[in-house]
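Asker: I have a structure I would like to understand better, so I am pasting it below and will then ask my questions one at a time.
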There are 2 protein chains.
Amino acid sequence: MKQKGITLKDVAAAANVSRATAARALSSYGYVGDETALRVQEAADRLGYRANRVAQALRSGQLPIVGFVPGDIQNPFFARIAHDLEVELRKQGHNLLIASSEESVKQEKELLESLRSLGLRGFVLAPASATDNRHIAKLARDGVPCVLIDRVVKDVRCDSVAVDNEGGTREAIDYLVANGHRRIGFLRDDSRIFTAQERLGGYQGALAGHGISVDETLIAVSRSAVEHAIDATIRLFSRRDRPSALFTVDSLMTQGALLGLRSMGLHIPHDVSLIGFDDFNLATFTDPQITVVAQPISEIGPLAARLLLERLQGSAAPPQQIRFPTRLIVRGSVSRPR
Amino acid sequence: MKQKGITLKDVAAAANVSRATAARALSSYGYVGDETALRVQEAADRLGYRANRVAQALRSGQLPIVGFVPGDIQNPFFARIAHDLEVELRKQGHNLLIASSEESVKQEKELLESLRSLGLRGFVLAPASATDNRHIAKLARDGVPCVLIDRVVKDVRCDSVAVDNEGGTREAIDYLVANGHRRIGFLRDDSRIFTAQERLGGYQGALAGHGISVDETLIAVSRSAVEHAIDATIRLFSRRDRPSALFTVDSLMTQGALLGLRSMGLHIPHDVSLIGFDDFNLATFTDPQITVVAQPISEIGPLAARLLLERLQGSAAPPQQIRFPTRLIVRGSVSRPR
DNA sequence: TATTGATATGAGATCGATCTCACATACGGA
DNA sequence: TCCGTATGTGAGATCGATCTCATATCAATA
């Protein structure tokens, strides 16, 4: 049950020097005699010494660990970002601790508290709420390095990496309108979530731009999970004057819509046109393939990691608010309404 | 940049007691006067005291963090398990640190060393190799609690949770043979990986059981990634006497096969029948839907977490080797050969 | 009254790495 | 020869929580 625990003390004893000298030899700071340094190195190698990172952390006040708090690690979008973060951070000797908020502000708050007491060096966050963010503001105020991804929070002084949700959605709606659609359904997740708000804004703005009044009954709400999205889709399309097209705000909702429509015997794009926000593997496996608003997902994680590492190295530059453009990938799920 | 850091010392000062007494009051051990305990509690609350978990870890030698080392966090199978592990561990006040081995034994080795020096309390591993496992054996020998998932390693004394790879594969091959197939392709990932070996064994065993000799040229190897699987599929089906059916060893390979076959203009199940190991969302979105060997994925993570927690609580019971049965889910991707 | 035990508290040690400070040498120039 | 600086080393403090041990008080028992 006991760890073996070869400590600096052991190494020092083996090399016949004091702990201080051994530390100097291994971390190469201060003055150490060449011959002594060699002897210590050798002893350390021979004993298989590895510094206890917890002890180091106690002194420095920080563990070389970065926390990642996504809404849901099972969402491929976040899984991809987690992977990219991990790769970048590892290069700098940091590890990544992943703790999902499960889109609960309460859980997010608890997690952050608990992880702070763990001495994590910084955080990459996708805040569960666009408004209730005092805990994040506090984090930033306390000087804990922090990068927001996917979702931006106002009034918090920290870096953020997100995409142009509003523009991306507008482009998609424009495309639907250009194809003759005027009754366009909108399937979104909890309005608490930042991206949902911005994407809704893009939807409303685009419609307004075309002189189409927003019909609130065409906007369906569901949790971001396939099963819930199925139900919401069915509700939306059960009405007599159903929409001729549908826009979904993330890939899980798109999947739900796909299944919901299929269960109702509605064909894409013959009966309903569909565009989803966020590209996903599955979109090219369906028949027809799904037209989507793609995010530059491969850039988000590495950039967030780099921003965070700069902060960890003490950068006090003003917060950077990065916004990537999106790209409409036209496949086969849109046609003119019947 | 500095953490605020309200320490036990501050609380003790505020409550006019020694650090020792404050500690007793807060962790409720030893004797403390009722009135004193209350005063300390109050002071702690007022100051917003949170114990420094790094300092606790230094004393106890262990951080309340469990490491999860999957092959690839982007694989939905592992993402799901990560989620389930996290939920279970959080209940016991532990956090989960995820570090992908990216199917590299070298990286796995380095990660484990680095995470051990971090004082992690235990590990959940999906070993990258079925054979080269001295580092894992050492871990187990040193008494570090350890649970293997998905992949079992011989000669290592630790718990494991896996599925009946051989039986599941055999059932699928039997089903294909029952449908009249005799030339059945097999698309597998690196033979180093445990599950690949067992699934190959199931394939060979099933064929032998039906008196069909194994044609090595029908066995294709690719890395477990969609793009690589596409190429391997195309190679396999470019030959004149191509197989009439294909079995793929995981969901990423199945996706690759799907795309590869489509790019060649081969239709499922008309031209080729297909069964994949591991169920995945996408399988029900294709037309036809894909017949798969499903694993009880919702049980693996929670069980692994429970086994690990028992070890953390000091259980010295003999290692448990759990094997879940698989289930063949018949959908529409298999028909009789032309 | 003396003694035992339960209760209550504080001083100080401990975990392991690292940093400060004090104390040695050595070597150069004056 | 003497002093200043560069070099090398060790003793001990530090980070924060917790544990051991010593001590102190009070009550109940012998």
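Asker: Can you tell me how many residues within the stretch A:31-56 are within 7 Å of DNA strand D (Cβ to nearest atom), at pLDDT 90 or above and among the β-branched types (Val, Ile, Thr)?
Answerer: Of the residues in the stretch A:31-56, 1 are within 7 Å of DNA strand D (Cβ to nearest atom), at pLDDT 90 or above and among the β-branched types (Val, Ile, Thr).
Asker: Right, here's the next one. Got a number for residues in the stretch A:306-324 being open to solvent by 90 Å² or more (accessible area, probe 1.4 Å) and farther than 21 Å from A:Leu120 by Cα?
Answerer: 3
Asker: Could you please find all residues in the stretch A:82-93 being assigned to a loop (DSSP other than H, G, I, E, B) and facing chain B (nearest Cβ under 10 Å)?
Answerer: Matches in the stretch A:82-93: A:Gly93 only.
Asker: Taking the conditions exactly as written (in the same structural domain as B:Asp241 (by TED's automatic domain parsing), touching a residue at least 60 places away in the same chain (Cβ under 8 Å) and farther than 30 Å from B:Arg306 by Cβ), does B:Arg199 satisfy them or not?
Answerer: So B:Arg199 does not fit the description; no.
Asker: For the stretch A:70-81, state whether one or more residues are over 27 Å from A:Gln107 (Cβ atoms) and in a helix (DSSP H, G or I).
Answerer: Checked against the condition, which is being over 27 Å from A:Gln107 (Cβ atoms) and in a helix (DSSP H, G or I), the stretch A:70-81 yields no hits at all.
Asker: When you scan the stretch A:24-39, do you find a residue that is more than 11 Å from DNA strand C (Cβ to nearest atom), within 14 Å of chain B (Cβ to nearest Cβ) and not in a helix (DSSP H, G or I), even just one?
Answerer: No, that holds for no residue.
Asker: Right, here's the next one. Within the bounds of the stretch B:270-277, is there any residue that is in contact with a helix residue (DSSP H, G or I) (Cβ under 8 Å, 6 or more places away or on another chain), open to solvent by less than 10 Å² (accessible area, probe 1.4 Å) and within 13 Å of chain A (Cβ to nearest Cβ)?
Answerer: Among the residues of the stretch B:270-277, at least one is in contact with a helix residue (DSSP H, G or I) (Cβ under 8 Å, 6 or more places away or on another chain), open to solvent by less than 10 Å² (accessible area, probe 1.4 Å) and within 13 Å of chain A (Cβ to nearest Cβ), which makes the answer yes.
Asker: Could you run through the stretch A:54-73 and say how many residues are touching a helix residue (DSSP H, G or I) at 6+ places or on another chain (Cβ under 7 Å), within 13 Å of DNA strand C (Cβ to nearest atom) and open to solvent by 30 Å² or more (accessible area, probe 1.4 Å)?
Answerer: 2
Asker: So which pairs qualify, if the first residue must be in the stretch B:57-73 and within 16 Å of DNA strand D (Cβ to nearest atom), the second must be assigned to a strand (DSSP E or B) and charged (D, E, K, R), the Cβ gap must be under 7 Å, and the two must be at least 6 apart or on different chains?
Answerer: Every condition considered, the pairs that remain are B:Gln62/B:Arg121; B:Leu63/B:Arg121; B:Pro64/B:Arg121; B:Ile65/B:Arg121.
Asker: Determine, yes or no, whether B:Leu303 is open to solvent by less than 60 Å² (accessible area, probe 1.4 Å) and within 14 Å of chain A (Cβ to nearest Cβ).
Answerer: No; evaluated as a whole, the condition is false for this residue.
Asker: Something else about it: Only one of (1) open to solvent by 10 Å² or more (accessible area, probe 1.4 Å); (2) touching a Ser or Thr at 6+ places or on another chain (Cβ under 6 Å); (3) not charged (D, E, K, R) is not met by B:Leu187, so which one is it?
Answerer: Against the list (1) open to solvent by 10 Å² or more (accessible area, probe 1.4 Å); (2) touching a Ser or Thr at 6+ places or on another chain (Cβ under 6 Å); (3) not charged (D, E, K, R), B:Leu187 comes up short only on (1).
Asker: If I filter the stretch A:9-22 down to residues being buried (at least 19 other Cβ atoms within 10 Å of the Cβ) and more than 7 Å from DNA strand D (Cβ to nearest atom), which single residue comes out as nearest to the other protein chains (Cβ to nearest Cβ)?
Answerer: A:Val11
The values are calculated or read from the model by the stated rules, or taken from the named source; none is laboratory data. No experiment lies behind these values; they were computed from the predicted model shown. No Cβ is skipped: glycine too gets one built from the backbone with ideal geometry, and neighbour counts run over all protein chains shown. All accessible areas refer to the heavy atoms of the entire protein, side chains included, with ligands and DNA or RNA removed. Shrake-Rupley method; radii C 1.70, N 1.55, O 1.52, S 1.80 Å.
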